[in-house]
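Only one structure is covered here, and it is reproduced in the block below.
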């Protein structure tokens, strides 16, 4: 089952009460600021700030860490690849060579660069949770519309989030139907053929459902706008929060350009 990122949107915290429009803009600016850094120390500072935002949002850390596991597994190979693929002219003295794979002193130094990539990825994903996990998805989508994103893009987000669960349930029903007929997954051509046919039928059902949904929404007067009972009203505290987060994002870039915290600046 696809996990719902807004399952804790009903909590009460300073981040939950923050105007979604300002929250999205300021935290998104912080994500870009962290991703553009090439300083390990500053990336660690950005990660600490992200942890503070998650703490203030009162989102369970177990919920966030459980979703970060997959991200960590995806970026973990950098620790294995970069040290063995980085060579240099000054500190490229070989330590060991095994079947064409070389480990040098320069490769060991590059572990810091790999760590920076991993921390940036984890920090960026971690910031997504207080950004969009503290409001219901319909409110978040309406906030995107309020930020004057292209209407087609907003509608694409809305329909993707709505029907990804429907497609997931449809696939589970298909899987149960196959299991009830004695089908078992194996590494043979029959299994591959059966799964391909099942996925093809899933696409056919999705197309038919989309056609029915289109006419149903037209009959109900759908005009292409997100309609909710929630109205946005920015208060003084909302702007203060936005200035603090956006200012921190700018401060990270200023510190990077000024050469501060130059313990490690990449390779």
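For region 119-135, the criterion of being outside any loop (DSSP other than H, G, I, E, B) and over 17 Å from the mean Cα position of the chain (by Cα) is met by none of the residues. Looking at region 185-200, is at least one residue without any contact (Cβ under 8 Å) to a residue 40 or more places away in the chain and within 24 Å of residue 21 (Cα to Cα)? Checked region 185-200: no residue is without any contact (Cβ under 8 Å) to a residue 40 or more places away in the chain and within 24 Å of residue 21 (Cα to Cα). When we screen 102, 91 for residues that are modelled with pLDDT under 85, touching a helix residue (DSSP H, G or I) at 6+ places or on another chain (Cβ under 9 Å), over 30 Å from residue 4 (Cα atoms) and exposed (fewer than 15 other Cβ atoms within 10 Å of the Cβ), the only hit is 91.
Looking only at region 156-183, filter to residues that are under 19 Å from the mean Cα position of the chain (by Cα) and farther than 24 Å from residue 63 by Cα; which one of those is surrounded by the fewest Cβ atoms within 10 Å (Cβ to Cβ)? Ranking the qualifying residues of region 156-183, first place goes to 156. Residues satisfying the criterion are absent from region 201-209 (criterion: modelled with pLDDT of 85 or more and touching a helix residue (DSSP H, G or I) at 6+ places or on another chain (Cβ under 9 Å)).
I'd like to check something: does region 235-253 contain any residue that is modelled with pLDDT under 85, surrounded by 13 or more Cβ atoms within 10 Å (Cβ to Cβ) and either part of a helix (DSSP H, G or I) or in contact with a strand residue (DSSP E or B) (Cβ under 9 Å, 6 or more places away or on another chain) (or both)? Before the answer, list the steps.
The first filter runs over region 235-253 and keeps only residues modelled with pLDDT under 85, leaving none.
No; the residues of region 235-253 include none that is modelled with pLDDT under 85, surrounded by 13 or more Cβ atoms within 10 Å (Cβ to Cβ) and either part of a helix (DSSP H, G or I) or in contact with a strand residue (DSSP E or B) (Cβ under 9 Å, 6 or more places away or on another chain) (or both).
The values are calculated or read from the model by the stated rules, or taken from the named source; none is laboratory data. What you see is a predicted model, and the numbers here were worked out from it, not measured in a lab. Neighbour counts are summed over all protein chains in view; Cβ atoms, including those assigned to glycine, are modelled from backbone coordinates with ideal geometry.
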